[in-house]
Amino acid sequence: MKIVKVGIIGAGQMGCGIAQVCAAAGYHVGLNDVSVERIAAGLTNIDAGLTRRVKSGKATEEAKASTLAHISAVPTYEGFADFDLIIESATEKEAIKRQIFEAVCPHLKPECIVSTNTSSISITRLAAVTGRPERFMGIHFMNPVPVMELVELIRGIATDEGVFQTINDFAKSLGKTTAISEDFPAFIVNRILLPMINEAIYTLYEGVGGVEAVDTAMKLGAHHPMGPLELADFIGLDTCLSIMQVLHEGLSDSKYRPCPLLVKYVEAGWLGRKVKRGFYDYRGEKPVPTR
């Protein structure tokens, strides 16, 4: 099957990043969200991101114009009727993802492949609500999508081998390297990364070190490009908590218990960079630790 038109459901940071790389690779991209205002904001963010790439010399004005020309707004699911691939990139909540698949799948042509950008939720379980589990799989992009080289591919129990090969070729056509994961909670990257972040939050919670000390220790002591608390803010603390909850519930191991401080920050609405406050306060000229 040849993929020409790619539909993205979710115009947040991840969805816009996926839309950008697909459009840059020459695919015709349709961007959808819960409102036309959200879609418009997403298109504005893509334009701004491409402008930054042009200014830094990583892209030309011609490439920017071509990429933007390949992306259009699709306000309703009916607009995806002739698309070849759908990538859901909504919030990391299983109930919301299930609602999306139940709503969009009746409008798709039978041969359309449906996928999810989930970072932790069971592919087999999500596939079961689509009515086409053999044409469903996980395509997990890393954040920020235009920069990160990896895409995790996850088959559900019913995923057709031909569908898998098509998506593997598709991911590689975006200039990405693929890693194949079995359908276990959080897959490969987040199974390793999020417990490390959670442990860093426990280190802060127990008073072993402050925010800056923890991040400096891991940047200079382990040569990480970004400290774990800074990274948590970048990912979104609500997303971090959701993934840890999936790990804890899915694997029934106490070592995956979310740190109470992570829960407290999410309850406070301190979700990281996207709301300008998390383990750092981003409302001033430079980030300031909140603990």
Filter result for Ala40 (in contact (Cβ under 8 Å) with a residue 12 or more places away in the chain and either assigned by TED's automatic domain parsing to the domain that holds Glu152 or farther than 26 Å from Thr159 by Cβ (or both)): yes
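Within the stretch 248-280, can you find the residues that are under 17 Å from the mean Cα position of the chain (by Cα) and either in the same structural domain as Val145 (by TED's automatic domain parsing) or among the aliphatic types (A, V, I, L, M) (or both)? Don't jump to the end; show me each part of the working.
Within the stretch 248-280, the subset under 17 Å from the mean Cα position of the chain (by Cα) is 271-274.
Scanning the stretch 248-280 gives a single hit, Leu271.
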Cross-chain or 6+ apart pairs with Cβ under 7 Å, the stretch 5-22 first and within 11 Å of Gly42 (Cα to Cα), then assigned to a helix (DSSP H, G or I) and of a type in the set (Lys, Arg): Ala11/Arg38
Unmet criterion (only one of (1) surrounded by 14 or more Cβ atoms within 10 Å (Cβ to Cβ); (2) aliphatic (A, V, I, L, M); (3) more than 22 Å from Gln245 (Cα to Cα); (4) touching a Ser or Thr at 6+ places or on another chain (Cβ under 7 Å)) for Leu126: (3)
Residue match in the stretch 67-83 (condition: of a type in the set (Phe, Trp, Tyr), more than 21 Å from Pro106 (Cβ to Cβ) and in a loop (DSSP other than H, G, I, E, B)): no
Pairs with Cβ under 9 Å, 6+ apart, first in the stretch 165-186 and touching a residue at least 24 places away in the same chain (Cβ under 8 Å) and at positive phi, second of a type in the set (Asp, Glu) and loosely packed, with under 15 Cβ neighbours inside 10 Å: Gly175/Glu149
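The values are calculated or read from the model by the stated rules, or taken from the named source; none is laboratory data. Predicted model, so just to flag it, every value in this text is computed and none were measured. Cβ: placed from backbone, ideal geometry, glycine included. Neighbour counts: every protein chain shown.
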